[in-house]
Amino acid sequence: MSSKERPTLGGTRIKTRKRNIAAPLDPAAFSDAVVQIYLDNAGDLELIAKSIESSDLNFSRYGDTFFEVVFTGGRTQPGTTKPDEGDRHPYSIIECEPKREVILPSVIYIQKILRRRPFLIKNLENVMRRFLQSLELFEENERKKLAIFTALAFSQKLSGLPPETVLQPLLKDNLVAKGLVLSFMTDFFKEYLIDNSLDDLISILKRGKVEDNLLDFFPPTKRSNEAFSEHFSKEGLVALVEYNEKKIFEVKLKEMKAALTTQITEEADTSEVIETVKLRVRDAKLPDIEVVRVVWDVLMDAVQWSGKNQQQNANAALRQFQRTADEPMDLCNYRLAGGKLELELMYKVQMQCYEDAKLMKLFPEIVRSLYDQDVLAEDTILHWFRKGTNPKGRQTFVKALEPFVNWLEEAEEEE
């Protein structure tokens, strides 16, 4: 062979590289096949589940389409809830009666499908999110069915259906303004609480990141705590009303505590602090007992626990307490004076000293200081000593206070 001749590949076939050719999407054919399974089994969900399990349909590709068929009886137009072309069946969730005993079998049926094909949970989320974002396109009766299904899905713990992907889409301004979200959530609450506790419901709302925004379900013109109580009381959801009132109460107490902490830290005049409490109590209708508890907590939080030993810390606590000892009762006396508040303060001191090792030995000194400042009356101290009902640390504190009580009793006899 001449050096100028090129080598040849005689008798050798060159293999061409195969390309991945994607099969065209055909959701219509998939939808028709699923619809036919429903029709062939006359809506019997047990038989339908078995037929689907044995079928070779491509659920990984057409998961959204499958749940469209389950909910509406056929395929829906892209991005809407409107029916698309193709076959339909009359056994869908939207077509059934708005009753839990009628819708529950569909929830159990979907649970079976998801156990065999857990990847479909994402498709269920997609379809539910799309439907809930389009509540205005459904009739009132159909929205109620969706609410019942959603409640039962969470009640049955439908394969880890995440609440946030279902509940968050509801907070669309146009849906809220029309009152559709409030109506949906009311049906949801009522249905869910049939089989579950209020704590279970609150847990779902927390996971759905709506627990702190319950008023956001109300139209802007009705967004008030009074409207909340009135609406849900009328719907028979008294437990939810009480929960919301408790939550509001806790928030207002927290706000008052923050305001008092700022004023006491800045060593504001007692009259200014009292005026602040008056305004907060009036606006929030806070009980005097709660005010006593909050003020005591604020006073003790203001103590600088920076001493090198327990005695230095104890002295710091006493100095702080003696400087402001008159505030707990002064902050309440403008509304109610008497032994009830004083006794409540005694119990608060008892609990604080019981729970904080730094204060355990200071109990008699604190009580004596309260007495010297005319915050605690002799009768209150003696009543606590003889008939106190809080058992926590009581024996220790009674023994520690005994010398002071003996002194009080001797003084009383001399008089």
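The values are calculated or read from the model by the stated rules, or taken from the named source; none is laboratory data. All values reported here derive from a predicted model rather than from experimental measurement. Reconstructed Cβ throughout: ideal geometry from the backbone, glycine too, with neighbour counts over all protein chains shown. When the accessible area is computed, the model is the full protein with side chains, heavy atoms only, and any ligands, DNA or RNA have been set aside. Shrake-Rupley method; radii C 1.70, N 1.55, O 1.52, S 1.80 Å.
Name the residues in the range 368-377 that are open to solvent by less than 30 Å² (accessible area, probe 1.4 Å) and under 16 Å from residue 340 (Cα atoms), would you?
First, the residues of the range 368-377 that are open to solvent by less than 30 Å² (accessible area, probe 1.4 Å): 369-370, 375-376.
370, 375, 376, listed by residue number.
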Pairs under 8 Å by beta carbon, first residue among the β-branched types (Val, Ile, Thr) in the range 164-184, partner in a loop (DSSP other than H, G, I, E, B), six or more apart or different chains? 166/208; 176/218; 176/219; 181/171; 181/172
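Answer yes or no as to whether residue 215 is assigned to a helix (DSSP H, G or I), open to solvent by 30 Å² or more (accessible area, probe 1.4 Å), under 24 Å from residue 154 (Cβ atoms) and free of Cβ contacts under 8 Å to residues at least 40 places away in the same chain. Walk me through it before giving the result.
On the way: assigned to a helix (DSSP H, G or I): yes; open to solvent by 30 Å² or more (accessible area, probe 1.4 Å): yes; under 24 Å from residue 154 (Cβ atoms): yes; free of Cβ contacts under 8 Å to residues at least 40 places away in the same chain: yes.
Taking the combined requirement at face value, the residue satisfies it.
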Looking only at residues in the range 136-147 that are of a type in the set (A, V, I, L, M, F, W, C) and crowded, with 20+ Cβ neighbours inside 10 Å, which one is nearest to the chain's Cα centre (by Cα)? 147
Cβ-Cβ under 9 Å, sequence separation 6+ or interchain: first residue in the range 399-415 and more than 26 Å from residue 354 (Cα to Cα) and of a type outside the set (D, E, K, R), partner at pLDDT below 90 and in a helix (DSSP H, G or I). Which pairs? 411/378
Considering only residues of the range 259-297 that are closer than 17 Å to residue 345 by Cβ and assigned to a loop (DSSP other than H, G, I, E, B), which is nearest to the chain's Cα centre (by Cα)? 286
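Answer with yes or no whether residue 264 is in contact (Cβ under 8 Å) with a residue 12 or more places away in the chain, surrounded by 14 or more Cβ atoms within 10 Å (Cβ to Cβ) and within 27 Å of residue 103 (Cβ to Cβ).
Working: in contact (Cβ under 8 Å) with a residue 12 or more places away in the chain: yes; surrounded by 14 or more Cβ atoms within 10 Å (Cβ to Cβ): yes; within 27 Å of residue 103 (Cβ to Cβ): no.
For residue 264, the condition - in contact (Cβ under 8 Å) with a residue 12 or more places away in the chain, surrounded by 14 or more Cβ atoms within 10 Å (Cβ to Cβ) and within 27 Å of residue 103 (Cβ to Cβ) - is not met.
For residue 80, are the conditions met, namely being hydroxyl-bearing (Ser, Thr, Tyr), at pLDDT below 70 and open to solvent by less than 80 Å² (accessible area, probe 1.4 Å)?
Details: hydroxyl-bearing (Ser, Thr, Tyr): yes; at pLDDT below 70: yes; open to solvent by less than 80 Å² (accessible area, probe 1.4 Å): yes.
Judged against the criteria, residue 80 is a match.
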Looking at (1) under 25 Å from residue 251 (Cβ atoms); (2) hydrophobic (A, V, I, L, M, F, W, C); (3) touching a helix residue (DSSP H, G or I) at 6+ places or on another chain (Cβ under 7 Å), which one does residue 166 not meet, given that it meets all the others? (1)
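Conditions (1) among the charged types (D, E, K, R); (2) within 16 Å of residue 208 (Cα to Cα), marked per residue:
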residue	(1), (2)
96	no, no
104	no, no
134	no, no
154	no, yes
165	no, yes
178	yes, no
187	yes, no
Is one or more of the residues making up the range 236-249 assigned to a helix (DSSP H, G or I), within 21 Å of residue 140 (Cα to Cα), open to solvent by 20 Å² or more (accessible area, probe 1.4 Å) and of a type outside the set (Ser, Thr, Tyr)? no
Out of the range 342-359, which residues are surrounded by 17 or more Cβ atoms within 10 Å (Cβ to Cβ) and modelled with pLDDT of 80 or more? 342, 343, 344, 345, 346, 347, 348, 349, 350, 352, 353, 354
Identify, by number, the condition in (1) modelled with pLDDT under 90; (2) surrounded by 11 or more Cβ atoms within 10 Å (Cβ to Cβ); (3) closer than 28 Å to residue 148 by Cβ that residue 30 doesn't meet. (1)
Just checking, does the range 136-152 include any residue being within 25 Å of residue 96 (Cβ to Cβ), modelled with pLDDT of 90 or more, of a type outside the set (Val, Ile, Thr) and not in a helix (DSSP H, G or I)? yes
Kindly provide the set of residues from the range 271-296 that are open to solvent by less than 40 Å² (accessible area, probe 1.4 Å) and over 23 Å from residue 225 (Cβ atoms), ordered by number. 273, 274, 292, 295, 296
Condition first: touching a helix residue (DSSP H, G or I) at 6+ places or on another chain (Cβ under 6 Å) and of a type in the set (A, V, I, L, M, F, W, C). Now tell me which residues in the range 89-113 satisfy that. 93, 94, 96, 103, 104, 107
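Table: residues versus (1) touching a Phe, Trp or Tyr at 6+ places or on another chain (Cβ under 9 Å); (2) at pLDDT 75 or above; (3) open to solvent by 80 Å² or more (accessible area, probe 1.4 Å).
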{"site": "5", "(1), (2), (3)": "no, no, yes"}
{"site": "89", "(1), (2), (3)": "yes, yes, no"}
{"site": "100", "(1), (2), (3)": "no, yes, no"}
{"site": "105", "(1), (2), (3)": "no, yes, no"}
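Among the residues of the range 107-135, which ones are in a loop (DSSP other than H, G, I, E, B) and open to solvent by 20 Å² or more (accessible area, probe 1.4 Å)? If you could, list the steps in order and put the result at the bottom.
At the first step, the residues of the range 107-135 found to be in a loop (DSSP other than H, G, I, E, B) are 117, 133-134.
Selection gives 117, 133.
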Any idea which of (1) within 30 Å of residue 227 (Cβ to Cβ); (2) surrounded by fewer than 21 Cβ atoms within 10 Å (Cβ to Cβ); (3) free of Cβ contacts under 8 Å to residues at least 40 places away in the same chain is the one residue 150 doesn't satisfy? (2)
Considering only the range 222-232, I want to know if a residue exists there that is within 18 Å of the chain's Cα centre (by Cα) and not hydrophobic (A, V, I, L, M, F, W, C). yes
Of everything in the range 378-414 that's hydrophobic (A, V, I, L, M, F, W, C) and within 16 Å of residue 360 (Cβ to Cβ), which residue is surrounded by the most Cβ atoms within 10 Å (Cβ to Cβ)? 397
